[in-house]
């Protein structure tokens, strides 16, 4: 989704291009994007020049929206969130001793993922790319000016 959001300004983005850039199986991306389309997070366009684009502005899509759309489980409990888990409870009915700990972690994960927008991730990626480009430019300028490479102190 970050790849799509970064590149959609030029028109629809093909899954084959995302597959190549991100080294993700095309068939897996097709499955994921089918789910994302059904949850109205992406739009698809068929034919020459077709591909995918975001159905909503990136600032209105949260990481939680994406994860739930593709059916990724977010459950730290051993029991799958069941109210009657008996693990570590000597076979007695009722919640295991650490159930509330893991159930609370589940809630906190969802709260956090719901607070992070796709735009936040896009902005972070753009900043990282700018920093990398700046560092590469600095190294190139140092080499052109004949500056000595830094050496480790012995």
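Each value in this text was obtained by applying a stated rule to the coordinates, not by laboratory testing. Fair warning: this is a prediction, and the values are worked out from it, not measured in the lab. With ideal geometry, Cβ positions are generated from the backbone for all residues, glycine too; neighbour counts draw on all protein chains shown.
Annotations
- Gyration tensor (alpha-carbon) shape descriptor, region 1-60, a/c threshold 1.5: rounded
- Only DSSP H runs of four or more residues enter the estimate; each adds -39500 (n - 2.57), and after division by the residues of the chain the mean residue ellipticity at 222 nm equals -16500 deg cm²/dmol.
- On Cα atoms only, tilt of 118-145 relative to the major axis of the chain in degrees: 30 degrees
- Based on Cα contacts under 8 Å between residues 6+ apart, the chain shows a relative contact order of 21 percent.
- Cβ-to-Cβ counts within 10 Å put 29, 113 in ascending order as 113, 29, the fewest first.
- Seen through its C-alpha gyration tensor, with square-root eigenvalues sorted a ≥ b ≥ c, the chain comes out oblate because a/c lies at 1.5 or above while a/b is not bigger than b/c.
- GNM result for the chain, Cα springs below 10 Å: residue of 142, 43, 65 fluctuating most strongly: 142
- Taking the longest Cα principal axis of the chain as reference, the axis of helix 26-38 is set at about 60 degrees.
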